[in-house]
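All remarks here apply to the structure that follows.
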Amino acid sequence: MSATPQGYHGRFAPSPTGPLHFGSLVSALASWLDARAHGGAWLVRVEDIDGPRTVPGAAEDILATLAAFGFHADEPPEWQSRRTGLYRAALDRLIAAGHVYPCGCTRKEIADSQLRAHERHTTLIYPGTCRDGLHGKRARAWRLRVPDEATADEPEDEPAGARGNPALIRFGDRWQGPQQQNLATEVGDFVLLRADGQWAYQLAVVVDDAEQRITHVVRGADLLDSTARQIWLQQCLGVPTPAYLHVPVVTHADGEKLSKQTGAQALDASRPLEALLAAARHLGLELHDPAPATLAAFQLDAIDAWKRRLGQLPAA
Ligand code: GLU
């Protein structure tokens with residue numbers, strides 16, 4: 001049971017695939033500022049669900065770095081690896097409701113079918129082969145059905161609120177403005193339990209956000225593309241959809257996203273202010289004091305600057 005009162009619940013959800021780097025510091029800072037600006041709770045969730053990608057010791061390292069940077073969660077951190085029973089229960093509910101089906105296709109089979117069925121797409125969109133049964137194949141993964149495209153008498157471009165295309169998910173992003181994604185043509189039925197037995201990020205994140213009563217998700221814009229899937233999954237599970245805000249990702253000079261995979265440097269926990277000021281600049285925050293003497297002084301200034309920054313964003 002959570003000890004935090006009702007109201008705003010935000011979170012920072014790092015994957016322990018390496019030490020905290022500048023890109024994840026920006027997400028941590030933005031989510032912390034938004035929670036504090038709303039007088040809300042800020043939680044930390046270690047997303048160590050992807051066994052093969054998890055680096056031993058990285059989670060502890062990230063938690064220590066967050067503390068050194070002045071980020072203190074309002075509840076003890078949650079660890080996804082300790083919550084797999086919740087994911088199992090959610091999948092069982094989806095099975096009982098007929099939202100998911102076992103899939104026996106290999107990656108190669110899906111790639112081959114793509115060439116025939118969806119030549120215009122560069123990402124793999126599952127063609128729905130196992131929707132009506134496994135065709136004698138062995139079950140490998142569990143997939144969530146996405147809504148079918150609108151039929152001819154349900155035009156795609158009806159105004160919001162009207163009965164439109166069920167495959168089209170619309171949402172307002174607090175930073176990026178209005179968003180939409182067609183799950184049938186741009187995503188396809190997606191995996192919740194992988195063939196290697198690992199729970200998929202999409203299922204874990206939706207179950208955890210609901211169970212931790214997260215009202216506001218603030219994270220990097222690389223996850224904008226996952227949001228429609230998460231909203232659809234929330235609808236299938238009958239849980240609320242939080243408000244979303246996706247901050248611009250930090251890139252290398254060549255435009256590639258800064259990440260552990262692209263060689264991002266670990267942060268220097270002995271000099272937190274320097275990196276925090278750079279993260280605030282990345283978010284376009286206009287601080288009154290560009291050279292604060294303490295973390296506390298930076299935090300107060302940054303919370304005010306965040307509130308002003310929110311006022312400059314497009315309407316969601
Ligand atoms: N664990 C994800 C990451 O580090 C973030 C997930 C989320 O904020 O929804 O990229």
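None of the figures in this text is laboratory data; all of them are computed from the coordinates on show. Quick caveat, the model's predicted, so the values are computed rather than measured. So basically every Cβ, Gly included, is an ideal-geometry build from the backbone, and we count neighbours across all protein chains shown.
Each Lys or Arg adds one and each Asp or Glu takes one away; over the other residues whose Cβ falls under 12 Å from the Cβ of GLY284, this sums to +2.
Computed per residue of the chain from DSSP H runs no shorter than four, each worth -39500 (n - 2.57), the mean residue ellipticity at 222 nm is -10500 deg cm²/dmol. Here each label is just a point 7 Å from Cα along the line to Cβ, and for ASP289 and ALA96 those points are 5.6 nm apart. Available extension along the chain between ALA89 and ALA195 is 36.3 nm, counting 0.36 nm per residue and deducting the alpha carbon span. If you take the Cα centroid of the range 3-57 and the Cα centroid of the range 238-307, the two points sit 13 Å apart.
Once C-alpha pairs closer than 8 Å and six or more residues apart are averaged by separation and normalised to the residue number of the chain, the relative contact order reads 24 percent.
How far is helix 201-211 tilted off the main Cα axis of the chain, in degrees rounded to 10, range 0 to 90? Between helix and principal axis, roughly 60 degrees. If Lys and Arg each add +1 and Asp and Glu each add -1, what is the summed charge of the other residues whose beta carbon sits under 11 Å from the beta carbon of LEU267? Net charge around LEU267: -2. Note on ALA253/ARG281: beta-carbon distance plugged into 1/(1 + (r/R0)^6) with R0 of 22 Å gives a FRET efficiency of 0.85. Highest mean packing first, where packing is the average number of other Cβ atoms within 10 Å per residue, the peptides 133-145, 289-301 line up as 133-145, 289-301. Taking the longest Cα principal axis of the chain as reference, the axis of helix 84-96 is set at about 30 degrees. Electrostatic bookkeeping for ALA68 treats Lys and Arg as +1 and Asp and Glu as -1; over the other residues with beta carbon under 13 Å from its beta carbon, the sum is -3. Calculate how steeply helix 272-282 sits against the longest principal axis of the alpha-carbon atoms of the chain, using the helix alpha-carbon long axis, and give the answer as 0 to 90 degrees to the nearest 10. For helix 272-282, the angle is close to 60 degrees. Taken along the Cα-to-beta-carbon direction at a fixed 7 Å, the label points for LEU134 and HIS72 span 5.2 nm. Residues of the range 16-57 falling in the label zone of ARG82, defined by backbone nitrogen less than 20 Å from a point 7 Å along Cα to beta-carbon, are 16-18, 42-52, 54-57.
Working from label points 7 Å from Cα in the Cα-to-Cβ sense, the ARG170 to ALA64 distance is 5.0 nm.
Antiparallel beta bridges, as assigned by DSSP with both residues in the chain, represent about 55 percent of the total such bridges. Among the lysines of the chain, pairs at least eight places apart or on separate chains and with Cα atoms under 30 Å apart come to 4. Extension gain, ALA296-ARG271: 0.36 nm per intervening residue step, less the Cα-Cα distance, totals 7.6 nm.
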